[in-house]
Amino acid sequence: MSEQPATTDTPRQQLQPAAADAIRAYATKTRENADHLAAVLEDIATNGLPSVEDCTPWEELRETHLARLTRQRPAVA
């Protein structure tokens, strides 16, 4: 994607200010996540893979993530 606005003959629909703010916040968070991932990959490229003892097993990561999702999920009536 480009940071340049799309060029079409059709005018673009403007967003409500709250929607535009939400999209900007999402873009910021996405950019931060991408920067973090890039830093991790650069570290691996420079220093190699971490030892197994320094890593978290994927099962533990999965359970932590599922617990987080469960806390965020609204209660079903």
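FYI, it's all coordinate maths here, none of it is from the lab. It should be emphasised that the depicted structure is a prediction, and the values quoted were computed from it without experimental measurement. For neighbour counting, all protein chains shown are included, and Cβ atoms are generated from backbone atoms with ideal geometry for every residue, glycine included.
Numbers below:
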item	result
Helical mean residue ellipticity (222 nm; -39500 (n - 2.57) per DSSP H run of 4+; nearest 500) of the chain	-21000 deg cm²/dmol
Net charge contributed by nearby residues that have their C-beta within less than 13 Å of Ala39 (K/R +1, D/E -1)	-3
Principal-axis tilt of helix 17-47 within the chain, Cα atoms, nearest 10 degrees	30
Crossing angle, helix 58-72 versus the chain [Cα axis fit, 0-90 degrees, rounded to tens]	40
